[in-house]
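Here it is: the structure, laid out below.
The values are calculated or read from the model by the stated rules, or taken from the named source; none is laboratory data. Note that this is a predicted model, so its numbers are computed, not measured. Because the Cβ atoms are built from the backbone with ideal geometry, glycine has one as well, and the counts that use them run over all protein chains shown. What goes into the accessible areas is simple: the full protein's heavy atoms, side chains included, and nothing from ligands, DNA or RNA. Shrake-Rupley method; radii C 1.70, N 1.55, O 1.52, S 1.80 Å.
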Amino acid sequence: MEGLDTGTTAWLLVSAALVMLMTPGLAFFYGGMSRAKSVLNMMLMSFTSIAIVSVLWVLVGHTLAYGEGSGPLAPFIGGLSDAGLSSMIGEVDPEGGYPLLVDAGFQMMFAVITVALISGAIADRAKFGAWLLFVPVWSLLVYFPVAHWVWGGGWVGDITIGGAEVVDFAGGTAVHINAGAAALALTMVLGRRKGFGSESMKPHNLPFVLLGAALLWFGWFGFNAGSAYAADATAALALVNTQVATAAATGAWMLVERIRYGKITALGFASGAIAGLVAITPAAADVTPVGAIGVGVLSGGICAYAISWKFKFKYDDALDVVGIHMVGGIIGSLAIGLLASAAANGANGLAYGGSFGLLAVQAVAVLGVALYSFALTWVIAKLIDLVMGFRIPVHIETNGLDHELHSETAYAFDELDDELEGQEATGLSSPTPPGEEVASR
């Protein structure tokens, strides 16, 4: 191909694969935080998002997000000139030197994980069929337009205040605030889980949570550094900033836990890591590494408090999507107005003598995306609820979604009990000798 930069192409291919890995990582993260009786259902909500959004992205998603719009709708949605992506085969971006299809594939993974993020807010209580309908409808009406606003030449990208333009390097508004606001709307339509606030709903598998956090952290280097669209100094800055912001956020979260509860938890460490990753996403190429540490400290500390707001305001954000992704996305987006540095790639924020314009334009983008996502999601969820019902019956919620909806269980407790009973009946096993019970745990 004429004009092909193989180094850039290789980096984007690897980055796309890294971002794809994030959604299975999210499945483990959310699955471990769920209750044992509904873990497969929770994980399937992420995996089915991969399947549905990937097909939809090829058919119309990419062109609606990044295609050139026409007429009065141009600031809000792209056109259909690249529907099906056949027009991109063999074409190379003249400036970046990468095939247009590799860009489409890279951005496909962003679309996939954005809708998957929402699922954690409605754990244990959503009809699976309703979720399968929600995914394509929300992608069409919310994610694709918002991606166009921010990155595809839409109105968010065109805003200027005092000469400052909106900065969203890898998805603070388009991904995290978008998903977090949608999650909040869904919690209000579906209502609270049976026993919310009175029954224990602790994570059933913390090793799964840590594994998921590790996969997300690893994949996030593709998410952020890949958004440089070259293996260059900007990618290097984004990679370092991603690492140190995440590390700082875990420390801030653990400190808050120690002060509030007197203990440091594995769940807190993992949650702090995700909060840091979320917050640095929009700012990864516009702050210095020291500034990235500041972003991490802010996000880890504030999000550690934000996840408890659901008990105060009585919305059941089951796996803290609102408290981490929406709040973290807001922190990261607004922090650009404070901590951005000309020593990186952008204008100076207020902390470096910059004008108020950068903070103001970031606030407009945050507010616009949050309000649109919340309102449209509420309408979509209400319509699905009217047509087919979105909330599962109480007896299914009580018995567990895995068995009732999927005829499967993550852990074969019944089979294990039957096997042990059979061994005892045939004399192949014996009770634990006195004194060994504690030692065997």
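I'd like the residue in segment 369-379 that is in contact with a helix residue (DSSP H, G or I) (Cβ under 6 Å, 6 or more places away or on another chain) and open to solvent by 10 Å² or more (accessible area, probe 1.4 Å) and, out of all such residues, is farthest from LEU132 (Cα to Cα).
Taking segment 369-379 and keeping what is in contact with a helix residue (DSSP H, G or I) (Cβ under 6 Å, 6 or more places away or on another chain), we get 369-370, 373-374, 376-378.
Filter once more, so that each one left must be open to solvent by 10 Å² or more (accessible area, probe 1.4 Å): 370, 374, 376, 378.
Working: ALA370: 23, PHE374: 19, LEU376: 17, TRP378: 16 Å.
Checked segment 369-379; the qualifying residue farthest from LEU132 (Cα to Cα) is ALA370.
Please enumerate the residues belonging to segment 105-124 that are on the phi < 0 side of the Ramachandran plot and in contact with an Asp or Glu (Cβ under 8 Å, 6 or more places away or on another chain).
Across segment 105-124, the qualifying residues are GLY120, ALA121.
Among the numbered criteria (1) over 24 Å from VAL369 (Cα atoms); (2) crowded, with 24+ Cβ neighbours inside 10 Å, which one does ARG258 miss?
All conditions are met except number (2).
Follow-up question, since we're still on this one. Among what's in segment 314-332 and is of a type in the set (A, V, I, L, M, F, W, C) and over 25 Å from LYS263 (Cβ atoms), pick the residue that is surrounded by the fewest Cβ atoms within 10 Å (Cβ to Cβ).
ILE330
Taking SER81 as the residue in question, decide whether it is touching a Ser or Thr at 6+ places or on another chain (Cβ under 8 Å), hydroxyl-bearing (Ser, Thr, Tyr) and free of Cβ contacts under 8 Å to residues at least 12 places away in the same chain.
Considered against the rule, which asks whether it is touching a Ser or Thr at 6+ places or on another chain (Cβ under 8 Å), hydroxyl-bearing (Ser, Thr, Tyr) and free of Cβ contacts under 8 Å to residues at least 12 places away in the same chain, SER81 comes out as no.
Scan segment 283-297 residue by residue and report those that are within 20 Å of the chain's Cα centre (by Cα) and closer than 15 Å to ASN224 by Cβ. Can you show your working first?
Initially, segment 283-297 is screened for residues within 20 Å of the chain's Cα centre (by Cα), giving 283-285, 292, 295-297.
Hits for segment 283-297 are ALA283, ALA284, ALA285, ALA292, VAL295, GLY296.
For segment 158-177, give me the residue count where each residue is part of a helix (DSSP H, G or I), of a type outside the set (S, T, N, Q) and surrounded by 17 or more Cβ atoms within 10 Å (Cβ to Cβ).
Counting residues in segment 158-177 that are part of a helix (DSSP H, G or I), of a type outside the set (S, T, N, Q) and surrounded by 17 or more Cβ atoms within 10 Å (Cβ to Cβ) gives 5.
On to the next question. Restricting to segment 274-291, name every residue that is farther than 14 Å from GLY180 by Cβ and either surrounded by fewer than 24 Cβ atoms within 10 Å (Cβ to Cβ) or small (Gly, Ala, Ser) (or both).
GLY276, ALA283, ALA284, ALA285, THR288, PRO289, VAL290, GLY291
Assess whether SER341 counts as being under 18 Å from GLY162 (Cα atoms), out of contact with any strand residue (DSSP E or B) (no Cβ under 7 Å at 6 or more places or on another chain) and hydroxyl-bearing (Ser, Thr, Tyr).
Values: under 18 Å from GLY162 (Cα atoms): yes; out of contact with any strand residue (DSSP E or B) (no Cβ under 7 Å at 6 or more places or on another chain): yes; hydroxyl-bearing (Ser, Thr, Tyr): yes.
Here the answer is yes, as SER341 does meet what is asked.
ALA116 is checked against (1) open to solvent by 30 Å² or more (accessible area, probe 1.4 Å); (2) out of contact with any strand residue (DSSP E or B) (no Cβ under 8 Å at 6 or more places or on another chain); (3) in contact (Cβ under 8 Å) with a residue 24 or more places away in the chain and fails just one. What number does that condition carry?
(1)
May I pose another question? Among ALA335, ALA306, ALA344, which is buried (at least 20 other Cβ atoms within 10 Å of the Cβ), closer than 24 Å to ALA273 by Cβ and modelled with pLDDT under 95?
Testing whether each residue is buried (at least 20 other Cβ atoms within 10 Å of the Cβ), closer than 24 Å to ALA273 by Cβ and modelled with pLDDT under 95 leaves just ALA344.
Could you list, in sequence order, the residues of segment 62-77 that are closer than 10 Å to GLY152 by Cβ and hydroxyl-bearing (Ser, Thr, Tyr)?
THR63, TYR66
Okay, moving on. Can you find a residue in segment 70-90 that is over 30 Å from HIS406 (Cβ atoms), within 16 Å of the chain's Cα centre (by Cα) and open to solvent by less than 50 Å² (accessible area, probe 1.4 Å)?
no
Of the residues PHE110, PHE128, PHE134, which single one is touching a residue at least 60 places away in the same chain (Cβ under 8 Å), surrounded by fewer than 17 Cβ atoms within 10 Å (Cβ to Cβ) and aromatic (Phe, Trp, Tyr)?
So the residue among PHE110, PHE128, PHE134 that is touching a residue at least 60 places away in the same chain (Cβ under 8 Å), surrounded by fewer than 17 Cβ atoms within 10 Å (Cβ to Cβ) and aromatic (Phe, Trp, Tyr) is PHE128.
Please determine, by comparing only the residues of segment 190-233 that are in a loop (DSSP other than H, G, I, E, B) and polar (S, T, N, Q), which one is most open to solvent (accessible area, probe 1.4 Å).
SER198
Moving on. What's the number of the only condition in (1) open to solvent by 10 Å² or more (accessible area, probe 1.4 Å); (2) at pLDDT 95 or above that SER299 fails to meet?
For SER299, the failing item is (1).
Is it the case, given these coordinates, that LEU101 is within 23 Å of GLY222 (Cα to Cα), open to solvent by 60 Å² or more (accessible area, probe 1.4 Å) and free of Cβ contacts under 8 Å to residues at least 24 places away in the same chain?
yes
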